[in-house]
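The values are calculated or read from the model by the stated rules, or taken from the named source; none is laboratory data. Predicted, not measured: the structure shown is a model, and the values here were computed from it. In this analysis, Cβ positions are derived from the backbone assuming ideal geometry, glycine residues included, and neighbour counts consider all displayed protein chains. For the accessible areas, the whole protein counts, side chains as well, though only heavy atoms, and no ligand, DNA or RNA atoms are used. Shrake-Rupley method; radii C 1.70, N 1.55, O 1.52, S 1.80 Å.
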Amino acid sequence: PMVADPPSDVDTNDGSSDDEEILIVSHKPKLVMLVTLYSGNREIMPKQKRAQLMFESLNKSGQVPMEILDGSDPTNRSMRNELFTIAGVRGEYPLFFRDDGRSCSYIGNFETIEQMEESGTLPGILSL
């Protein structure tokens, strides 16, 4: 049978000496914004919208992918809990993370992002 060549961003050489091939897919870093679509706290929704607009205006070229994860969606419960553990906070929205495909690190909460924007350091976050 004919086998197609892997895409250029896939490395099939794992350094082993046997004939078995292991695909290693390289992941482009992305910004993960943990939000909630259901909250009794009236401050959360405007913060989430403002943060999203800040990142969209900085990332007009689309070079840094951004994923918005709804922590209130039951299908995202496991990921939400994992992100809360990484952040060391529970039940706070929005929270921001850097995901490089291998690990995820906590960047900060809305106040952190807002301070970064005011000080002019927020664009640096997009050079993930």
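Values for this structure:
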quantity	calculated
Any hit, the stretch 83-93, residues being at pLDDT below 95, among the β-branched types (V, I, T) and over 14 Å from Q52 (Cα atoms)	yes
Single unsatisfied condition, V64 versus (1) assigned to a loop (DSSP other than H, G, I, E, B); (2) in contact with a Ser or Thr (Cβ under 6 Å, 6 or more places away or on another chain)	(2)
Qualifying position, being polar (S, T, N, Q), buried (at least 16 other Cβ atoms within 10 Å of the Cβ) and more than 18 Å from S39 (Cβ to Cβ), among N59, N109	N59
Residue list for the stretch 106-128, filter: in a helix (DSSP H, G or I) and either closer than 17 Å to P29 by Cα or not charged (D, E, K, R) (or both)	F110, T112, I113, Q115, M116, S119, L122, P123, G124, I125, L126
Qualifying residue in the stretch 84-91 (condition: touching a helix residue (DSSP H, G or I) at 6+ places or on another chain (Cβ under 9 Å), closer than 13 Å to V32 by Cα, of a type in the set (F, W, Y) and open to solvent by less than 40 Å² (accessible area, probe 1.4 Å))	no
Which numbered condition A51 fails, given (1) free of Cβ contacts under 8 Å to residues at least 40 places away in the same chain; (2) in a helix (DSSP H, G or I)	(1)
Residues of the stretch 112-128 satisfying the condition of being open to solvent by 70 Å² or more (accessible area, probe 1.4 Å) and among the β-branched types (V, I, T)	T121
Of all residues making up the stretch 82-105, the number that are more than 17 Å from K47 (Cβ to Cβ), of a type outside the set (D, E) and in a strand (DSSP E or B)	3
